[in-house]
Amino acid sequence: MTLTDFLGSPFPEPLEVEDDLSGPERFFNRELSWLGFNWRVLEEAENQRVPLLERLRFLSISATNLDEFYTVRVAGLRELAKSGSSTAHLDGRTPVEQLSLINQNARALMARQQSVFAELKDLLADEAISVLGRDDLDKSDLAYLEDVFLNSVFPVLSPLAVDPAHPFPFIPNEGFALALQLKREGDNRSLRALLPVPHQIDRFIRLAGEGSGRFVPLEEVLLIYLKQLFPGYQMKGFCAFRVLRDSDLEVEDEAEDLVREFEVALKRRRRGEVVRMELSSDAPSSLRQMIMDELHVTEDEVIEVEGPIGLGSLKELVLDERGDLLWPAYTPRVPERVQDHDGNMFAAIRQKDMLLHHPYETFDMVVRFLKQAAQDPNVVAIKQTLYRTSRNSPIVEALCEAAEEGKSVTALVELKARFDEAANIRQSRRLERAGAHVVYGFLNYKTHAKISTVVRREGDSLVTYTHFGTGNYHPITARVYTDLSLFTCDAKLGRDATKVFNYLSGYAQPAILENLAIAPLNLKSKLLEMIQAEVQLARAGKPAAIWAKMNSLIEEDVIDALYDASQAGVKISLVVRGICGLRPGIRGLSENIRVKSIIGRFLEHSRIVCFGNGAGLPSSKARVFISSADWMDRNLNRRVESLVEITNPTVKAQIVSQVMAANLHDVAQSWLMAADGSFRREQIEEGAFAFNCHRFFMENPSLSGRGSAGAADVPKLTHTDD
C-alpha cells in the first residue's frame, strides 16, 4: 500500500458503544494508558525482528520506566488516597480505584518481564553471553572472583547487624539489599543482618577469559564470600529486596532562596515513603515479616519476584563489541548546507531557515552553533534555556566560554526538571562562576521551552539568530530521541524569542507575539483556535484535516475540541507515542480520528501539528507548527512552552511530506489504538515489505539541509502544491 492509498483510504468502520459519551467514559485513564505504553516497550523485547541485545535493552527500559512510574505517579495517587480524596480522574475513577487497577496491571507486567528475561537468557547463552549463578562456577572462576571481591568489592561493603543495639538501617530509593538469617558456629546464636548491595559497583561482574561473555550478578558474589563478611557464622536463610520511594518533589511556595530550598527537597526525596518493594519469592517468612515491619509496607506494596530483582540493570549486558547482536551502526549526517559554508553555522542559517531532524542529523550542529557564537567577536549576546542537559555539557561549556569572553550571557536553568534537579543546580553555579546571568524562571511554572538566541553584529545592524527545539539541549539523549531543531534569523521569530526571555527573567509578559505562541499565556488557546478553524472549514464543505504528533495527549479541553472536529467531519490522524486519553473510532464521537503509536529503534519525541487550512493535507497551504509541548494539562497550563509556526516553504514541505508522512506511513514499528484504549501491532504479511520510518530517515537527507545539490532529488512521501 502506498502512502497516497493510506491517506486516501476511508477511516475504519466506527465502533458502536453503549457508554454515555457526554460523561467521563469519553476519556481513557491516564495511568492505564501509560502502562499500555510500557507493555508495548516490553513487547519489543519479544520482537524477533529486533537484534537480540537490543531486545535486552528494551526489557531494561521497560523496568526502568516502571520504577519511575511508581516513584512519581503511583506515589502521588497514594498520597491522594491516604488523604481521603475522592476526586476522580477525567475517566471518572478515584485514586483508590486507579491504584487497584494499576496494582493488577503492574503485577502482570512485572511477571511478564521475568518470563521475557528467562527467554532472552537462553537466547543469549546460545550467543556465548551467559548470566551465571553460584553453582555454575568452576575453581578458576572462583579464584578470579575472589580477587575481584577482595580488591574491588569488599572495601565498599557495609554488613549491618539488626538487633536492639543496631536498628534497621535506612534503605534509600532504589536501594537493593540482602537480608540474612545467620547462626554463630560456636553457640548457635541467631543473628539477623542486612548487606546493602552497593550501587557504585556494576551489578554484573564479568568473568575472565578472552572474549568472555560470562557474567555473575553481584549479589551472587556476595553470597559466595559471605564468610569473609561474617566470620564465624553460617547462613541459614536469605532473601533479596529492593525498595522504591516517593520521589515527587515539593517546594514551599514562598521559598526565598530557590536553590537552597531545592537542595533540602532533594534530601527529603531520598527519604520518601516506600511505594513498592520487590522481594525474593522464596524469602524466609521471618525475614519477610521483619523487612515489611521495618519499612512499613503492606502486602499490596510487596511484589514477589521469581528471578533477578531490578531488571533495569540488564543494560550492563548490552555489549558494544557484539555488533552482530545490535542495531547496525549509524553515524548522524552533517547537513550539506553547513558543509557548503565550511562549517559556518551563521552563514548556513543566513542563506535560509534550516530544520534538522535528530538523531538523523547530528546534534553537534546545535553545539557548534553555540561554540561558534562563543568564539565569534561579532556576537554580543547569547540567551539560552536549559531544562535537561548532560553532566559535562558542551552547551554549558560554550556558554561559560562566551561569558568569560565578555559576552552578555543569560541562562534560564530549570531547577524543577524531574530527577535532574541536582545536576541543574551544579550547572547553574558553574555558569555563575563564569560570569553568566543565571535565572530560574517561575516558581509555579516549569520552563520547558527549548529556545536559544544569538545576537550578532553585522554591519550597522544587530541580527538575532534563533534556535527552537522540540527536545532538550542534551547531546546524549539526542542520539536516540527523534527531535526537530529549527535554525532561523527571521526577525519576527528573533523578536518573539527575545520577548520570551524577557518574560522569564523579568516577568515582562509580552503584549504581542508575531509567529510564536507560549504556554501558559496563549499556546492552548492558539491550538483550540486552529482546531476550530478546521471545524468551520469542514462545515463549509471544504477539505479539513489535522495531523499531529506528540508523546502524550490527555488535556480535557483539547480532546473535546478534537471530538467536536471529528463530528464536524475533520479528518484527524494522530501519532501519540505514550499516554492517550482520547478514544478514537467511536461512532458519533470520534469516527474521524485515527491514533497510532510508534515504538522502535529511536524514541519518538518531536511535537508537530499540521492544519489543512482549507486545502486538506498534504498541501503547501497547510499551517504547520513545531512545539516543545505535549497536549497535557501540565504542559498547556502549568509550564512555559513554545509553539512555533513554520513559514519557510522548504521547511514546511520537510515536516509535512517527509516527517509526518513517513510517521503516518510506518508499518514496521506501529501500533493502532482501539476505542477501548488498547493497541494492536500493525499486521505485516509474511514476506511483505513493511515501511520503517526510522530507516527512511536514516537513508534520506532532509529537505532543508540540502546544500548546492538542491532538494529536488530528496525523496518525499507525498507531493505538495509548490
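The values are calculated or read from the model by the stated rules, or taken from the named source; none is laboratory data. In this text the structure is predicted, and so the values were computed from the model without any measurement. Note that we place each Cβ from the backbone using ideal geometry, even for glycine, and neighbour counts take in every protein chain shown.
One line per residue, one yes/no per condition, for (1) in contact with a Leu (Cβ under 6 Å, 6 or more places away or on another chain); (2) over 18 Å from G506 (Cβ atoms); (3) among the aromatic types (F, W, Y); (4) surrounded by fewer than 19 Cβ atoms within 10 Å (Cβ to Cβ):
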{"site": "R430", "(1), (2), (3), (4)": "no, yes, no, yes"}
{"site": "T447", "(1), (2), (3), (4)": "yes, no, no, no"}
{"site": "N472", "(1), (2), (3), (4)": "no, yes, no, no"}
{"site": "T488", "(1), (2), (3), (4)": "no, yes, no, no"}
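For the stretch 160-215, the tally of residues that are β-branched (V, I, T) and more than 29 Å from the chain's Cα centre (by Cα) stands at 1. Only one of (1) at pLDDT below 95; (2) within 27 Å of the chain's Cα centre (by Cα) fails for T87. Which number is that? Condition not satisfied by T87: (2).
Yes or no: the stretch 304-320 includes at least one residue that is over 24 Å from A63 (Cβ atoms), of a type in the set (A, V, I, L, M) and within 24 Å of the chain's Cα centre (by Cα). So that I can check it myself, show each step before the final result.
Of the stretch 304-320, the ones over 24 Å from A63 (Cβ atoms) are none.
The answer is no, given that none of the residues of the stretch 304-320 is over 24 Å from A63 (Cβ atoms), of a type in the set (A, V, I, L, M) and within 24 Å of the chain's Cα centre (by Cα).
Would you pick out the residues in the stretch 631-663 that are among the charged types (D, E, K, R) and either over 13 Å from A519 (Cβ atoms) or surrounded by fewer than 24 Cβ atoms within 10 Å (Cβ to Cβ) (or both)? Steps first, please.
In the first step, residues of the stretch 631-663 are kept if they are among the charged types (D, E, K, R); the result is 633-634, 638-639, 641, 645, 652.
Passing the criteria: D633, R634, R638, E645, K652.
Taking the stretch 22-36 as the range and being surrounded by fewer than 16 Cβ atoms within 10 Å (Cβ to Cβ) and over 14 Å from E556 (Cβ atoms) as the test, no residue passes.
Across the stretch 368-400, the number of residues qualifying as at pLDDT 95 or above and surrounded by fewer than 20 Cβ atoms within 10 Å (Cβ to Cβ) comes to 9. Pairs meeting the criteria (first residue in the stretch 49-67 and assigned by TED's automatic domain parsing to the domain that holds Y481 and over 22 Å from S130 (Cβ atoms), second residue at pLDDT 95 or above and not β-branched (V, I, T), beta carbons under 9 Å, at least 6 apart or on different chains) are lacking.
Find the strands (runs of 3 or more DSSP E) located wholly in the stretch 580-689 whose residues include 1 or more that are over 21 Å from the mean Cα position of the chain (by Cα), and list them.
Working: elements: 593-598, 607-611, 623-627, 639-646, 670-673, 679-681.
Answer list for the stretch 580-689: 593-598, 607-611, 623-627, 639-646, 679-681.
Can you name the residue in the stretch 37-63 that is polar (S, T, N, Q) and crowded, with 19+ Cβ neighbours inside 10 Å and, of all such residues, is farthest from the chain's Cα centre (by Cα)? Walk me through it before giving the result.
The initial filter retains those residues of the stretch 37-63 that are polar (S, T, N, Q), namely 38, 47-48, 60, 62.
Keeping just the survivors that are crowded, with 19+ Cβ neighbours inside 10 Å gives 38, 60, 62.
Working: N38: 12, S60: 14, S62: 12 Å.
Once the filter is applied, the top-ranked residue is S60.
Which of the residues that make up the stretch 381-395 are closer than 22 Å to G343 by Cβ and either among the hydrophobic types (A, V, I, L, M, F, W, C) or not assigned by TED's automatic domain parsing to the domain that holds S461 (or both)? If the condition is that a residue be closer than 22 Å to G343 by Cβ and either among the hydrophobic types (A, V, I, L, M, F, W, C) or not assigned by TED's automatic domain parsing to the domain that holds S461 (or both), then I382, I395 are the ones that fit. Filtering K526, K542, K549 for residues that are assigned by TED's automatic domain parsing to the domain that holds A675, crowded, with 22+ Cβ neighbours inside 10 Å and of a type in the set (K, R) leaves a single hit, K549. Residue under question is V148, and the condition is that it be of a type outside the set (D, E) and surrounded by 13 or more Cβ atoms within 10 Å (Cβ to Cβ); does it hold? For V148, the condition - of a type outside the set (D, E) and surrounded by 13 or more Cβ atoms within 10 Å (Cβ to Cβ) - is met. Every listed requirement among (1) farther than 30 Å from A125 by Cβ; (2) modelled with pLDDT of 95 or more is met by W39 save one, (1).
Against the list (1) modelled with pLDDT of 95 or more; (2) closer than 18 Å to H665 by Cβ, the condition G616 fails is (1). Looking at Y330, is it aromatic (F, W, Y), out of contact with any Lys or Arg (no Cβ under 8 Å at 6 or more places or on another chain) and not assigned by TED's automatic domain parsing to the domain that holds S606? Yes; evaluated as a whole, the condition is true for this residue.
Being surrounded by fewer than 23 Cβ atoms within 10 Å (Cβ to Cβ) and at pLDDT 95 or above narrows it down to one of I626, I608, so name that one.
Working: I626 fails: surrounded by fewer than 23 Cβ atoms within 10 Å (Cβ to Cβ).
None of the other options fit; the residue is I608.
Scanning the stretch 441-462 for residues that are in contact (Cβ under 8 Å) with a residue 60 or more places away in the chain and either farther than 24 Å from S428 by Cα or not assigned by TED's automatic domain parsing to the domain that holds A402 (or both) yields R456, R457, E458, L462.
Kindly provide the set of residues from the stretch 116-136 that are over 30 Å from E44 (Cβ atoms) and touching an Asp or Glu at 6+ places or on another chain (Cβ under 9 Å), ordered by number. Result: R134, single match. The requirement of being assigned to a loop (DSSP other than H, G, I, E, B) and outside the structural domain of F487 (by TED's automatic domain parsing) is fulfilled somewhere in the stretch 558-570, by at least one residue. Applying the condition of being touching a Gly at 6+ places or on another chain (Cβ under 8 Å) and not in a helix (DSSP H, G or I) to the stretch 14-36 and asking which residue is modelled with the lowest pLDDT yields L15.
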